[in-house]
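Have a look at the structure below, then the notes.
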Amino acid sequence: MSTQPNNRSFATYVNGTLKGAGQVMFQGSAWTGLLIIIGIFAGCYLEAPYGEHMPVVAWGALAGLIVSTATGYIFESKTDGDQGLWGFNGILVGCAVFTFLDNTVWSWIAMIIGSALTVVARRGLNNVFAPFKTTSYTFPFILISWLILLSARDMAHLTPAGESIASLPTEITSGNLQYTFTDLVVYWLKGISQVFLVNSWITGIFFIVGLALCSRWAAFWAMLSAAVALFMAIFFGASHPDITEGLYGFSPVLTGIAVGCTFYKPGLKSFFYSLSAVVFTVLVQFGMDILLQPVGLATLTAPFCIATWIFMLPMYKLQESRQKSAH
């Protein structure tokens, strides 16, 4: 437990909480976090006619962010809290729980417990990864969310609402589909919005603007990574519904930002290295979608974690390595 003196104002706590939303995409900026939250709410409410449970995803995200940040401030490092490092897993748990489970009091209890536990999971997993000079990234969110969704199979009060349906893999038949330029732009933006499990191109715009406010390189890598993922999905004939919902873009977006400009300084060598990491993430996404389908679990951001771990472990000296965020 942290023993640091508590001389922080309420504004400091609010600032740290907003940064938690930005830290999902490696941006320690309260303004970026605010735009991300606004984007989540805008996308969820505008998409509500197409999915009645969408608004609760936004409220779950906000609640998960607040719970995990508060838990971190109480039990862990206040400095990490000021940087938003206790909130980014919690906000994702809030998104995931209400994407895949019904809006019930039991789901809210599970989400609150899960969001708080990401603080413990992050501390423990970071200790495990410390000898390898890397961190857990969003794996605490993945682990806690998977456990909640799997537990729901044996709990009558946690009823599925989304896509977490176990089934055997089937052959994909995409056919010769035609995509207009507008279609491609919409699917591309959704690939960015799906970082927070939101299926809205409007949300994608908010995210790009929020990233650009803090780092133009982060915005660049988010846009480029989503475009690469979309191209690969279409080129290889991936599932059409998954393409239209941007489900191949969100993990590559995180990998691109992490390797492209967060942990390596942008440059020619790092550009091609980061691009390779993005391509690899898409391939991991393809494989994990099939691997987890019989279990009925979404991959969440696991492809991002796996790819980033693999590409960060070599610790290549691509010009100048840097640590801008301590996920």
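The values are calculated or read from the model by the stated rules, or taken from the named source; none is laboratory data. Since we're looking at a predicted model, the values are computed, not measured. When we count neighbours, we look across all protein chains shown, and the Cβ atoms used for this are built from the backbone with ideal geometry, even at glycine. Just the protein is used for accessible areas: all its heavy atoms, side chains included, with ligands, DNA and RNA removed. Shrake-Rupley method; radii C 1.70, N 1.55, O 1.52, S 1.80 Å.
Tell me whether the stretch 71-89 contains one or more residues that are under 25 Å from A222 (Cβ atoms) and touching a Pro at 6+ places or on another chain (Cβ under 8 Å). Scanning the stretch 71-89 turns up at least one residue that is under 25 Å from A222 (Cβ atoms) and touching a Pro at 6+ places or on another chain (Cβ under 8 Å).
Against the definition (open to solvent by less than 10 Å² (accessible area, probe 1.4 Å), free of Cβ contacts under 8 Å to residues at least 60 places away in the same chain, in a helix (DSSP H, G or I) and not charged (D, E, K, R)), how does L65 come out, yes or no? Judged against the criteria, L65 is a match. Residue selection: L318 satisfies the criterion of being outside any helix (DSSP H, G or I), hydrophobic (A, V, I, L, M, F, W, C) and either at positive phi or touching a strand residue (DSSP E or B) at 6+ places or on another chain (Cβ under 8 Å) (or both).
Taken over the stretch 174-203, residues that are in a helix (DSSP H, G or I), open to solvent by less than 10 Å² (accessible area, probe 1.4 Å) and among the hydroxyl-bearing types (S, T, Y) amount to 2.
Tallying residues that are open to solvent by 50 Å² or more (accessible area, probe 1.4 Å) and within 17 Å of V119 (Cα to Cα) within the stretch 147-158 yields 1.
Being more than 16 Å from the chain's Cα centre (by Cα), aromatic (F, W, Y) and buried (at least 22 other Cβ atoms within 10 Å of the Cβ) is true for just one of F280, F250, F286, F263. Which residue is that?
Exactly one of F280, F250, F286, F263 is more than 16 Å from the chain's Cα centre (by Cα), aromatic (F, W, Y) and buried (at least 22 other Cβ atoms within 10 Å of the Cβ), namely F263.
Results for (1) among the hydroxyl-bearing types (S, T, Y); (2) modelled with pLDDT under 90; (3) touching an Asp or Glu at 6+ places or on another chain (Cβ under 6 Å); (4) not in a helix (DSSP H, G or I), shown as yes or no for each residue.
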{"site": "P5", "(1), (2), (3), (4)": "no, yes, no, yes"}
{"site": "N15", "(1), (2), (3), (4)": "no, no, no, no"}
{"site": "K19", "(1), (2), (3), (4)": "no, no, no, no"}
{"site": "Q27", "(1), (2), (3), (4)": "no, no, no, yes"}
{"site": "I38", "(1), (2), (3), (4)": "no, no, no, no"}
{"site": "F41", "(1), (2), (3), (4)": "no, no, no, no"}
{"site": "Y45", "(1), (2), (3), (4)": "yes, no, no, no"}
{"site": "P49", "(1), (2), (3), (4)": "no, yes, no, no"}
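Looking across the stretch 85-106, the residues that are at pLDDT below 95 and either of a type in the set (S, T, N, Q) or closer than 16 Å to I36 by Cα (or both) come down to T99, N103, T104.
One residue stands out in the stretch 289-314 among those that are of a type in the set (A, V, I, L, M) and open to solvent by 40 Å² or more (accessible area, probe 1.4 Å): the one that is nearest to the chain's Cα centre (by Cα), namely I306.
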